[in-house]
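Chemist: Here it is: the structure, laid out below.
We did not get these values from a lab; they are worked out from the coordinates using the rules stated. Model, not experiment: these values are computed from the prediction. Quick reminder, even Gly has a Cβ in these numbers, built from the backbone with ideal geometry, and neighbours come from all protein chains shown.
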Amino acid sequence: MTIRNIVVGITGASGGPYAVRLLDCLDAAGVTVHLVVSSYGQRLLADECGIRNLDAQSLLGRPSTRLKLHHYRDLGGPLASGSFLTEGMVICPCSSNTLGSVASGLGDNLISRAAQVTLKEARRLIIVHREMPLSHIDLSNMLRLQAAGAIICPANPGFYMAPKTIGDLVDFVVGRVLDLLHVPHTLNVRWS
């Protein structure tokens, strides 16, 4: 079986539960996750999820050899090169600041650099933007990224599945992201 490599970036927009559930589902599906967390992403995980350590036990609630942490400032690391093979990248949640950085072609941290590598190599880049309301600048940045090949997947849960808990709402968004990555899952996102 081929090892699947997917890059996940976590930034400072509210939505920590989306990121944690996404990591859990990717790990459970046998995907090797290359994780990059911004400084504001670390604060987000602490504030919203009570996660203060960036390790598998803290993020997944279990040990895992498939979760690989990369430092946010390591622009010389493997994720900064197109020769490092991945199946794509998700930024979840994605702040407007990171959205603008990626749309502008800045590569001053590993999240924005890995996103640029993902686009230039014509791999799948999924942006799970979580800020609202949207400004003209946000919308323009989304259009620029979509034109460059990114998929804009706002964290907008659907209600047609009659969610009963916050977890149901989180699972809806995460299930849609997993679908875009072609990662099998059993989350309840199918209209029937």
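Chemist: Of the residues in the stretch 151-188, how many are touching a strand residue (DSSP E or B) at 6+ places or on another chain (Cβ under 8 Å), of a type outside the set (Val, Ile, Thr) and in contact (Cβ under 8 Å) with a residue 40 or more places away in the chain?
Modeler: Here the count works out to 3.
Chemist: For the stretch 152-171, give me each residue that is in a strand (DSSP E or B) and surrounded by fewer than 16 Cβ atoms within 10 Å (Cβ to Cβ).
Modeler: So in the stretch 152-171, the residues in a strand (DSSP E or B) come out as 152.
The answer is none; no residue qualifies.
Chemist: When you look at residue 106, is it of a type in the set (A, V, I, L, M, F, W, C), exposed (fewer than 15 other Cβ atoms within 10 Å of the Cβ) and closer than 26 Å to residue 133 by Cβ, yes or no?
Modeler: Values: of a type in the set (A, V, I, L, M, F, W, C): yes; exposed (fewer than 15 other Cβ atoms within 10 Å of the Cβ): yes; closer than 26 Å to residue 133 by Cβ: yes.
Yes; evaluated as a whole, the condition is true for this residue.
Chemist: Return the residue satisfying two criteria in turn: it lies in the stretch 80-126 and is of a type in the set (Val, Ile, Thr) and part of a strand (DSSP E or B), and of such residues it is farthest from the chain's Cα centre (by Cα).
Modeler: First, the residues of the stretch 80-126 that are of a type in the set (Val, Ile, Thr): 86, 90-91, 98, 102, 111, 117-118, 126.
From the residues that got through so far, the ones that are part of a strand (DSSP E or B) too are 90-91, 126.
Values: 90: 3, 91: 3, 126: 7 Å.
So the residue we want is 126.
Chemist: As an exercise: evaluate residue 117 against (1) touching a residue at least 40 places away in the same chain (Cβ under 8 Å); (2) in contact with a Ser or Thr (Cβ under 8 Å, 6 or more places away or on another chain) and give the number of the one condition it does not meet.
Modeler: Single failed check for residue 117: (1).
Chemist: Still on this structure: Limited to the stretch 32-46, what total is found for residues that are surrounded by fewer than 21 Cβ atoms within 10 Å (Cβ to Cβ) and in a loop (DSSP other than H, G, I, E, B)?
Modeler: Residues flagged as surrounded by fewer than 21 Cβ atoms within 10 Å (Cβ to Cβ) and in a loop (DSSP other than H, G, I, E, B) within the stretch 32-46 amount to 0.
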